[in-house]
Amino acid sequence: MPGNSAPARSLVISSPGVLAVSDAAADQLCDMMRGDIPGWRDQSPDLGKVAFNGTVHNWALRNSGVNAAVVDNRGVVDQITTARCPDVRADALRVLQIESLAEGLAGF
């Protein structure tokens, strides 16, 4: 539309009844995980999973509505990291010794 210069909000993932996860929120998850993986590496995989859960809960609470997306579908964390930071996802899977990030989530 002429005269409308507002950028469109890019959505990473959405589903009926659940708020969409924005690019900014997705990038924040990647950044938080990237920063936390070295600490997870220094722990056992079980303790690393506890810390990973803390990271995802922290991220979800910082981004209102995202918690509902994760509760509705824990796989959303895999979808986001596959799309936005596959290197971070692969590193987390190795460190936590899991097949999917959804597998490592508890309490959602």
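The phi torsions of segment 74-87, fed into the Karplus equation with coefficients 6.51, -1.76 and 1.60 and a -60° offset, translate into couplings of 4, x, 4, 5, 5, 4, 5, 6, 5, 6, 9, 8, x, 5 Hz, rounded to whole numbers, with Gly and Pro shown as x. Sorted on the mean count of surrounding Cβ atoms within 10 Å across their residues, most packed first, peptides 98-105, 26-33, 44-51 read 26-33, 98-105, 44-51.
Report note on the peptides 70-79, 57-66: ranked by the mean count of other C-beta atoms within 10 Å, highest first, their order is 70-79, 57-66. Under the convention that each Lys and Arg Cβ holds +1 and each Asp and Glu Cβ holds -1, the size of the dipole of segment 53-108 around its Cα centre is about 160 debye.
Any read-out appearing in this document is the output of simple, stated calculations on the displayed coordinates, not a laboratory observation. From a predicted model like this one, the values you see are computed outputs, not experimental measurements. Cβ: placed from backbone, ideal geometry, glycine included. Neighbour counts: every protein chain shown.
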